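Derivation of every value follows stated rules applied to the coordinates shown; laboratory data play no part. The structure presented is a predicted model; accordingly, all values stated were derived computationally and were not measured. FYI the Cβ positions are ideal-geometry reconstructions off the backbone, even for glycines, and counts take in every protein chain you see.
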Amino acid sequence: MDVPTKEERTAIRESVRQLCRDFPDPYWREVDKKELYPHAFVDALTKSGYLAALIPEEYGGAGLGITEASIILEEINRAGGNSTACHAQMYIMGTLLRHGSEEQKRRYLPGIARGDLRLQAFAITEPNAGSETTRIETRAVRNGDRYIVNGQKIFISRVKQSDLMLLLARTTPYDELQDKTRGLSAFIVDLRNVKGKLEVQPLDLMINHHTNTVFLEDVEIPAENLIGEEGMGFRYIIDGWNAERILIAAESVGDGRWFIERASKYASERVVFGRPIGVNQGIQFPIAEAYAHIEAADLMRYEAAAKFDRREKCGAEANMAKYLASEAAWEAANVCLNTFGGYGFARDYDVERKFRETRLLTTAPVSNNLVLAFLGQNVLGMPRSY
Ligand SMILES: Cc1cc2nc3c(=O)[nH]c(=O)nc-3n(C[C@H](O)[C@H](O)[C@H](O)COP(=O)(O)OP(=O)(O)OC[C@H]3O[C@@H](n4cnc5c(N)ncnc54)[C@H](O)[C@@H]3O)c2cc1C
């Protein structure tokens, strides 16, 4: 991969900004209020090729690095949009890219790059396992040339907006394993042609996220849809975690900048007691402090992304970037809401929507407690909680 120049990165940023101008605040407000999926936006992003940023050129993608992919998602959130509607395709696809067979890559990646296929759903979380992924119970049993899957997944987003779903399921019972990180396998489920019963029940959440409980009853998956080796699925998923954390960090930075920009502008314009509220240090300083935290987190995000793109170890940096940026974005969200006073709660100002949306990033796709546990246990060598 050729590393894009600074000018090329600026051009990507400008071009995403331009695309986002066609989807201003009222678009996202309506999508949120009516709980719609932002099809028009995702279609435009797909058409522009940005959603296929990480797919290598030989499979029809742009062949860019995680730094550029992160700039794309940052700009969407900075423009007031919500890239969680489509970001997962970027990091799910990495599992297929790194661990899929050549035949699987040729079967799916060009279609994803063209926008004919969507791989936006990944089914890992289960009610009885939660953050302890190695405890998942959904079972895939091999029967000749197929696997038969039974179980339940929870919090699975965009299943109805996807053609393909990455599924993590147990192929060896937990009790039979020496190494508990083995025994799980990753599959591509073709949602257009499910044999067996796959029931999708939407969850009623505080954000517009198209998230569901999924019940699988005797769902048949052709053995050729197994990714890599049977029993190695957890390892493959972990491999994608650094990319995921860097992308989430960038989205958080985008949100943070949106909040800071809106708060600074409002604080400068809103006059109470005969002067702009922004002259009061109780309003001005929290905005400046949140700004400093966002900018600091952004440096860690670029450090993590640069190491990732150089194929260096970046677990510590990726986790720190995710933690710092999501917490800084949440701080900026609260500061912005305080600045807007009562108007912050009015839908027309978009602050309450972004406030809800950015809160998710401290919890999903991974909770910040688990990020801190990674730093405490894996980087600092302290005792393990799990
Ligand atoms: C909107 C939304 C969309 C989602 N989309 C998807 C999706 O598409 N696919 C998917 O597979 N999952 C998805 N998830 C699931 C998400 O990844 C999980 O919610 C998250 O990983 C935490 O799991 P849990 O909710 O079961 O929390 P739990 O594991 O029950 O944890 C509850 C709390 O305890 C803390 N905790 C647990 N263990 C420890 C420990 N050892 N040390 C310190 N603290 C600990 C956690 O950090 C958390 O704060 C989504 C979740 C949401 C809310």
Ratio of the Cα radius of gyration of region 46-93 to 2.2 N^0.38 Å, where N counts its residues: 1.08
Within straight-line cross-link reach of K313, lysines at Cα separation under 18 Å, skipping those fewer than 8 residues along the same chain: K322
The chain: angle of helix 315-340 to the longest principal axis, Cα-based, in degrees nearest 10: 40
Top of L64, L97, L299 by mean-square fluctuation, Gaussian network on the chain, Cα under 10 Å: L299
Mean shadow area of region 240-379, taken as a quarter of the surface of its Cα convex hull (nm²): 8.6
Distant-in-sequence amide H partners of I227 (H built 1.01 Å from N, under 5 Å): A186, F187, I188
Net charge of Cβ neighbours under 14 Å - reference I277; Lys, Arg +1; Asp, Glu -1: +3
Between helix 6-21 and the chain: long-axis angle, C-alpha atoms, 0 to 90°, nearest 10: 80
Whole-percent pair-distance distribution, where bins are 5 Å wide, for the alpha carbons of region 159-221: 4, 15, 21, 20, 15, 13, 9, 2, 0
Residue exposure sequence - K195, K6 - by fewest surrounding Cβ within 10 Å: K6, K195
Peptides 81-89, 322-330, 227-235, 20-28 ordered by average Cβ neighbours within 10 Å, highest first: 322-330, 81-89, 227-235, 20-28
Alpha-carbon gyration tensor eigenvalues x 5, square-rooted, for region 179-255, Å: 26, 22, 11
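Neighbouring Cβ atoms within 10 Å as the yardstick, rank I294, I277 fewest first. If you can, show how the numbers build up before the last one.
Details: I294 23, I277 19.
Going from least to most buried by this count: I277, I294.
Take the alpha carbon gyration tensor of the chain, find the square roots of its eigenvalues, order them as a ≥ b ≥ c, and report rounded if a/c is under 1.5; if not, report prolate when a/b exceeds b/c, else oblate.
Numbers: a/c = 1.72, a/b = 1.65, b/c = 1.04.
Judged from the Cα gyration tensor, the chain comes out prolate (a/c at least 1.5, a/b above b/c).
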Cβ crowding within 10 Å averaged over residues, with 215-221, 90-96 ranked highest first: 90-96, 215-221
Fraction in percent of alpha-carbon pairs per bin - 5 Å, region 6-117: 2, 12, 23, 23, 18, 12, 7, 3, 0
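Taking the Cα centre as origin and putting +1 on Lys and Arg beta-carbons and -1 on Asp and Glu beta-carbons, what dipole magnitude results for the chain, to the nearest 20 debye? Don't jump to the answer; show the numbers that get you there.
Numbers: 48 positive and 54 negative charges, 78 e Å.
For this selection, approximately 380 debye.
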Region 120-231 - Kirkwood radius from inverse mean 1/r over Cα pairs (Å): 14.1
For region 198-212, Karplus couplings with θ = phi - 60° (6.51, -1.76, 1.60), whole Hz, Gly/Pro x: 10, 9, 10, 10, x, 9, 8, 10, 7, 10, 7, 10, 6, 10, 9
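Antiparallel versus total DSSP beta bridges in the chain: what percent is that, nearest 5? Could the numbers behind the result be given before it?
Numbers: 32 of 38 bridges.
Of those bridges, close to 85 percent are antiparallel.
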Positive-end residue of S101, A140, L360, charge dipole of the chain with Cβ unit charges: L360
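Dipole size in debye (nearest 20) for region 30-76 around its Cα centre, Lys and Arg Cβ +1, Asp and Glu Cβ -1? Let's see the in-between values first.
Numbers: 3 positive and 9 negative charges, 29 e Å.
Its charge dipole is roughly 140 debye.
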